[in-house]
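Working notes, beginning with the structure itself.
The values are calculated or read from the model by the stated rules, or taken from the named source; none is laboratory data. Values in this document were obtained by computation on a predicted structure and should not be read as measured data. Cβ sites come from the backbone with ideal geometry, for glycine too, and all protein chains shown count toward neighbours. Only protein heavy atoms, including side chains, enter the accessible area calculation; ligands, DNA and RNA are left aside. Shrake-Rupley method; radii C 1.70, N 1.55, O 1.52, S 1.80 Å.
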Amino acid sequence: MKIGVIGSGLSGTTSAILLKEMGHDVEIFESRNHVGGNCFDSDVSGVKVHQYGAHIFHTNDDDVWNFLNRYTTFNDYEHKVRANTRLGRISIPYNKTTTNQIGRELSPDEITELIFKEYSERHWGTSWEKLPKSITNRVPNKRDDFDTRYFTDKYQGIPSEGYTNMFNAMLNGIRVHHGVPKDEYKRLNFDFLVYTGKPDDFFDLCFGKLPYRSLRFEHFKSERKNEFSFLDGAVINECNKLKFNRTVDNSVFLNQNLDSTILTRDYPQEHDESNEPIYPKNYGESLMIFERYKKLMQNEKNVLFLGRLATYKYLDMWMAVKQAM
Ligand code: UDP
């Protein structure tokens, strides 16, 4: 079959590989001028910068891990996050180490107030009360250990040569067209389509726009002597009224021990034509809009809808690979 894959993120790339291995004639159509979707990283002043914010690979799934290890090795980076709060800088998720840092044990409600409420309301542009547990429970309220790692999965790491190199290895031998207008596939003929874009675009906005949350990224150089540089760990979250979520030191991921680094800050905003859709707002009224699009999607017999955008799910990287598999 002649198959078009729309999008070269993890979902599109994984499905393109597997469909090609099944003997199909596969071509990828990508609207951006790079592959890898929001995993895309590139070199800036010698630092591998995660252009769409920190991407930390983690999974407990052997199939996903073995699949990606066909294309890259992963280093032994284990993610640790600290947060600036009104009780000082603490490690999160909250656990016994955090209790020791603060000097007393906080109740679940106090933890919500300290770590989650302001951060989440800024990030989602929604009041805490309206946010579903599926989002806020991604980070546990409290863990009963001393482990300062953000994730406890058995496999963790960053592709040793960066994400873009991993994608280039994955796409070796697959035709990828760059800078293709987002609706170009509607004018081309395929026997089958894998679509990883937004459902509302696919159906010409017939039920209106499907809301996504976006981020504006600010990347800036910082010398070693600068107080923000070479953070102890890669990420500091802001659980307070500042306008940005986190400061990321990109040099930490690949242990690039240079005199200066590139820091990244992410400022939450609504998704519109001027930015990329990043987080599906899959709760409340948005979910009702999605349900209407979903019915149309189910009627499309020759189209497979995949990934965070098309299936309107907050997928981690490993989940995007798994879903495509
Ligand atoms: N969260 C929070 N405070 C934090 C970190 C996370 O309130 O310091 C909440 C917030 O609602 C966020 C969700 O937990 O959207 C998931 O966090 P995660 O780190 O998984 O977000 P991602 O890296 O996917 O943006």
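Observations
- Extension gain, ASN141 to LEU258: 0.36 nm times the residue separation minus the Cα-Cα distance gives 38.5 nm.
- Distance in nm between pseudo-label sites at ARG187 and LYS96 (7 Å out along the Cβ direction from Cα): 6.4 nm
- The chain - percent of accessible surface contributed by carbon and sulfur, probe 1.4 Å: 48 percent
- Shape of the stretch 23-83, Cα gyration tensor, a/c cut at 1.5: oblate
- Calculated FRET value between ASN69 and LYS313, using beta carbons and R₀ = 22 Å, to 0.05: 0.35
- Per residue, in Å², the accessible surface of the stretch 135-242 once ligands and nucleic acids are set aside, probe 1.4 Å: 53 Å²
- With all projection directions averaged, the alpha carbon convex hull of the stretch 171-228 covers 8.1 nm².
- Helix content alone sets the calculated 222 nm mean residue ellipticity of the chain: runs of n ≥ 4 DSSP H residues at -39500 (n - 2.57) each, divided across all residues, give -6500 deg cm²/dmol.
- With 0.36 nm allotted per residue and the present C-alpha distance subtracted, the GLU161-ASP61 stretch has 33.8 nm of extension available.
- Euclidean distance between Cα centres, the stretch 89-126 to the stretch 18-47, Å: 37 Å
- Projected over every direction and averaged, the convex hull enclosing the alpha-carbon atoms of the stretch 136-207 yields 9.6 nm².
- Rounded if a/c under 1.5, otherwise prolate or oblate - the stretch 170-287, Cα gyration tensor axes: oblate
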